[in-house]
Amino acid sequence: MARKRKELPLLEKVEITDVAAEGKAIAKVNDLVVFVPYVVPGDIVDLQIKRKKHHYAEAEAVKFHEYAKNRAVPFCQHYGVCGGCKWQILPYTEQLRFKQKQVVDNLTRIGKIELPEISPILGSEKTQFYRNKLEYTFSNKRWLTAEEVKENVVYEQMNAVGFHIPNAFDKVLAIEKCWLQDDVSNRIRNAVRDYAYEHNYPFINLRTHEGMLRNLIVRTSNTGELMVILVSKIERDEEMELFKRLLQFVADSFPEITSLLYIVNNKCNDTITDLDVQVFKGKDHIFEEMEGLRFKVGPKSFYQTNSEQAYHLYKVARDFAGLTSNELVYDLYTGTGTIANFVSRQAKRVIGIEYVPEAIEDAKVNSEINGIKNTLFFAGDMKDMLTQDFIVQYGRPDVIITDPPRAGMHPDVVNVILFAHPRRIVYVSCNPATQARDLQLLDIKYRVKAVQPVDMFPHTHHVENVVLLELREETDSSNL
């Protein structure tokens, strides 16, 4: 006999008091901390508990008794279903306040180190249409909203192109208008969708992998160039012919596209890093510009997705580095060498290290394009590449700039940095929690001198943070 499922409680007239990770908010009921999405501090709500552990729970707001006074009206028709841009209901000034608080809390509670006064967060001038890249997914299983389910209607069109529903990998929400990228992205996506509907193109089944159309990637740039990549599963010649008709339709409908590419993906996953890219029209790349430097961006290249705010982020990093044209700089996790090339004019030499070989090739190309001759790039796992022997061979850096992934730096990397004892470390992070952990490890030799949060992603909980560390006097290299 099946165990009877325990009924979870309904909490009535609970005040939301704070924000938390992953864009959720917090309520406290006695000793229970409750995490709730799509509410803001000041809302008074009834909460239906969905999952409960010892001293915390996750819940859904099922009734609003009172709205917070500083609540904003969501501008996107897909808000609350899409799963992105969860902070639309917070005025942007409040978003910045909570992001600043997130940085302060992480550095003080996790880092537990001496800190200077933390500078006010640099907000993004653009809060809509600020991304330069979006990826859409095709699916033959369109996600039905709660309103559509209540209507109890059998829908003829169950294909969709849009974004994955959170925690439902095979369901895709059909997007009509997204506010993240230039509106040309919406026009291209909707035109491809309508053409596919009209000509009965099979959309992929994300469970069985049957079907044809898989992904659509749109990249815009601050040079006015436009890249579109269509990804499809192709197993027969007639499917390729059908696919190329779609590509020709896109080329004819959007002459502003400077790079129209396609990829055949017959695998069971959506990654394209190991697949060949074919040019249907135009070039195989576009360019981004920053302070007169040109950066080549290919279909697989990483480039900060908020171009304008990336410039401000890199300027902070360069200012913190305090370069005088005489320094040897190590740029760890260099990616396509954007920071390395950006600071190269103020440095004697810049050495960049990155895990992805293709990214390092892009970094070298970017140096060549800009006539930069004082950079040197290496590909390999950071903990394997950055060793004491590497330091001895290529020189002790005066400055290290590090921009690791969300997981932060491997302890071996931290130890080699301590061995190298550069005068300054500039730590750029997309995750202040792991940054705080690493700062605590570096605290044995370094003192935090400046902290500058930067908002790269309005309407989300994500925040970048740049920290300047300086070698403590008692561990200066002259005494070692």
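Table: residues versus (1) out of contact with any His (no Cβ under 7 Å at 6 or more places or on another chain); (2) assigned to a loop (DSSP other than H, G, I, E, B); (3) within 22 Å of residue 29 (Cα to Cα).
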| residue | (1), (2), (3) |
| --- | --- |
| 62 | yes, no, yes |
| 79 | yes, yes, no |
| 96 | yes, no, no |
| 107 | yes, no, no |
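Taking segment 45-102 as the range and being touching a Phe, Trp or Tyr at 6+ places or on another chain (Cβ under 9 Å) and more than 26 Å from residue 163 (Cα to Cα) as the test, the residues that pass are 45, 46, 56, 57, 94, 98. If you go through segment 1-22 and pick out every residue that is modelled with pLDDT of 75 or more, under 18 Å from residue 50 (Cα atoms), out of contact with any His (no Cβ under 9 Å at 6 or more places or on another chain) and not aliphatic (A, V, I, L, M), you end up with 3. Can you name the residue in segment 7-65 that is among the aromatic types (Phe, Trp, Tyr) and over 27 Å from the mean Cα position of the chain (by Cα) and, of all such residues, is nearest to residue 99 (Cα to Cα)? Ranking the qualifying residues of segment 7-65, first place goes to 56. Of the residues making up segment 276-332, those that are in a helix (DSSP H, G or I) and hydrophobic (A, V, I, L, M, F, W, C) number 6. The strands (runs of 3 or more DSSP E) found entirely in segment 402-480 that carry 3 or more residues being crowded, with 19+ Cβ neighbours inside 10 Å and free of Cβ contacts under 8 Å to residues at least 60 places away in the same chain are 424-429. Among the residues of segment 156-195, those that are in contact with a strand residue (DSSP E or B) (Cβ under 9 Å, 6 or more places away or on another chain) and assigned to a helix (DSSP H, G or I) comprise 184, 185, 188, 189, 190, 192, 193.
In the set (1) under 30 Å from residue 445 (Cα atoms); (2) surrounded by 18 or more Cβ atoms within 10 Å (Cβ to Cβ); (3) among the charged types (D, E, K, R), residue 117 fails one condition alone, (2). For segment 132-145, the criterion of being within 25 Å of the chain's Cα centre (by Cα), part of a helix (DSSP H, G or I) and aromatic (Phe, Trp, Tyr) is met by none of the residues.
Residue-wise test of (1) in the same structural domain as residue 431 (by TED's automatic domain parsing); (2) more than 24 Å from residue 431 (Cα to Cα); (3) aliphatic (A, V, I, L, M).
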| residue | (1), (2), (3) |
| --- | --- |
| 19 | no, no, yes |
| 22 | no, no, no |
| 30 | no, yes, no |
| 42 | no, yes, no |
| 48 | no, yes, no |
| 65 | no, yes, no |
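For (1) more than 27 Å from residue 180 (Cα to Cα); (2) in contact with a Gly (Cβ under 8 Å, 6 or more places away or on another chain), each residue gets a yes or a no:
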{"site": "391", "(1), (2)": "yes, no"}
{"site": "394", "(1), (2)": "yes, no"}
{"site": "399", "(1), (2)": "yes, yes"}
{"site": "405", "(1), (2)": "no, no"}
{"site": "409", "(1), (2)": "yes, no"}
{"site": "428", "(1), (2)": "no, no"}
{"site": "444", "(1), (2)": "yes, no"}
{"site": "451", "(1), (2)": "yes, no"}
{"site": "456", "(1), (2)": "no, no"}
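Within segment 357-381, the set of residues being out of contact with any Pro (no Cβ under 8 Å at 6 or more places or on another chain) and either of a type in the set (A, V, I, L, M, F, W, C) or not assigned by TED's automatic domain parsing to the domain that holds residue 425 (or both) comprises 359, 360, 363, 365, 369, 372, 376, 377, 378.
On inspection, residue 344 does not qualify as more than 19 Å from residue 464 (Cβ to Cβ), in a loop (DSSP other than H, G, I, E, B) and among the small types (Gly, Ala, Ser). From the list 312, 285, the lone residue that is surrounded by fewer than 23 Cβ atoms within 10 Å (Cβ to Cβ) and closer than 27 Å to residue 381 by Cα is 285.
Number of residues in segment 6-51 that are in contact with a helix residue (DSSP H, G or I) (Cβ under 9 Å, 6 or more places away or on another chain) and on the phi > 0 side of the Ramachandran plot: the value is 3. So in segment 141-164, with the set limited to residues that are in contact (Cβ under 8 Å) with a residue 24 or more places away in the chain and of a type in the set (Phe, Trp, Tyr), which one is farthest from residue 231 (Cα to Cα)? For segment 141-164, the residue satisfying everything is 143.
Restricting the first member to segment 92-119 and to residues that are among the basic types (Lys, Arg), and the second to residues that are surrounded by 17 or more Cβ atoms within 10 Å (Cβ to Cβ) and part of a loop (DSSP other than H, G, I, E, B), the beta-carbon pairs closer than 8 Å and six or more apart or on different chains are 99/121; 99/455; 99/461; 99/463. The residue list 184, 161 contains one member that is under 30 Å from residue 256 (Cβ atoms), in the same structural domain as residue 254 (by TED's automatic domain parsing) and in contact with a Phe, Trp or Tyr (Cβ under 6 Å, 6 or more places away or on another chain), which is 161. Scanning segment 300-309 for residues that are at pLDDT 95 or above and buried (at least 18 other Cβ atoms within 10 Å of the Cβ) gives 306, 307, 309. For segment 35-60, how many residues meet the condition of being more than 28 Å from residue 180 (Cα to Cα) and either in a loop (DSSP other than H, G, I, E, B) or in contact with an Asp or Glu (Cβ under 6 Å, 6 or more places away or on another chain) (or both)? Final tally of qualifying residues: 8.
The values are calculated or read from the model by the stated rules, or taken from the named source; none is laboratory data. Note that the structure is a prediction, hence the values are computed from the model and not measured. Using ideal geometry, Cβ is built from the backbone for each residue, glycine included, and neighbour counts are taken over all protein chains shown.
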